[in-house]
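Here's a structure for you.
What follows is calculated from the coordinates using simple rules that are stated; it is not laboratory data. Here the structure is a predicted model, which means the values were calculated and not measured. Positions of Cβ are generated from backbone atoms using ideal geometry, with glycine treated the same way; all protein chains shown enter the neighbour counts.
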Amino acid sequence: MNTIDNVNLIEIPKVHDERGILAVIEKEVIPFDIKRVYYLYDIPSDAYRGGHAHKGLRQFLIPLSGSFDVIVKDGNDEKKIMLNKPNKGLLIVSGIWRELENFSSGAVCLVLASDVYDETDYIRDYEEFRLLKSR
Ligand code: TYD
C-alpha cells in the first residue's frame, strides 16, 4: 500500500541557453502514460484545493508559475511539500490524501494525470479514507 514515502519530487530535464529554459517531459520522466492534462489558475491566495484521495489515479503536479504547498497524508503520516520550481514536479501515487494551499499570486498548477476524469475514483471523505487505509 502506498505511503507518503512514495510521493516524491521529480526533476524535469531542461535545456538552458541564453534564450531561456525549455523543460521537457518525455515518457521516462514520469511512471505513467498521460491520459489527461488540466491546470489551475486565477487561484485566490486563501483557496484550499484538493481535499481528497484517488483510488487508482496517479498525478504529476508542476508549478508552472508561482508557488503553492501540497500536504499529503497516508492515514498515518503527513508531509508538506512546497512547489516553486517549474522544473520540479510532484508525483502523487494512488491512495494518498492531498491538500493544496498557500497559493502565491499568479500561481499556475499543471496536472498530468494517468486517467480520464472519473468521480467514482475519488475519496472525498477523510474518515472514509482513514478507514480504507487501516484495513
Ligand atoms: P476537484 O478534482 O475536486 O478539484 P481540486 O482537487 O483541484 O480541488 O474538481 C473540481 C471540480 O471540477 C469538480 O466539480 C469536478 C470537476 N472536474 C472535471 O470536470 N474534470 C476534471 O478533470 C477535474 C480534475 C475536475
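Take Lys55 and Glu18, extend 7 Å from each Cα along the Cα→Cβ direction, and tell me the distance between the two endpoints in nm.
My value for the distance between the label points is 5.6 nm.
Taking the Cα centre of region 1-73 as origin, work out the dipole magnitude from +1 charges on Lys and Arg Cβ and -1 charges on Asp and Glu Cβ, in debye rounded to 20.
400 debye
Using only helices, what value at 222 nm comes out for the chain when you add -39,500 (n - 2.57) per DSSP H run of length 4 or more and divide by the total residues, to the nearest 500 deg cm²/dmol?
So the calculated ellipticity at 222 nm is -2000 deg cm²/dmol.
Right, here's the next one. Spelling out what I want: for every residue of region 58-67, take phi, set θ = phi - 60°, compute 6.51 cos²θ - 1.76 cosθ + 1.60 (Karplus), and round to whole Hz; glycine and proline get x.
Taking θ as phi minus 60°, the curve returns 10, 9, 10, 9, 10, x, 4, 8, x, 8 Hz for region 58-67.
Within the set of other residues whose C-beta is less than 9 Å from the C-beta of Ala113, count the net charge using Lys and Arg as +1 and Asp and Glu as -1.
Residues near Ala113 contribute +2 overall.
Arg36's amide H: which non-local residues (gap 5+, or another chain) put their own amide H closer than 5 Å, with H modeled 1.01 Å from N in plane and none for Pro or chain starts?
Ala113, Asp115
Tell me, what are the semi-axes, in whole angstrom and largest first, of the equivalent ellipsoid of region 4-134 as set by the roots of 5 times the Cα gyration tensor eigenvalues?
Listed largest to smallest, the semi-axes of region 4-134 are 25, 17, 13 Å.
Still on this model: In nm², what is the average projected area of the convex hull enclosing the Cα atoms of region 16-71?
Averaged projected area of region 16-71's Cα convex hull equals 5.9 nm².
Can you give the FRET efficiency for Asp42 and Asn76, using 1/(1 + (r/R0)^6), R0 = 22 Å, r = Cβ-Cβ distance, to the nearest 0.05?
That pair, Asp42 with Asn76, gives E of 0.05.
Still on this structure: State which entries of Lys14/Lys55; Lys14/Lys80; Lys27/Lys133; Lys80/Lys133 exceed 28 angstrom in Cα-Cα distance in the structure shown.
Check vs 28 Å cut-off fails for Lys14/Lys55; Lys27/Lys133.
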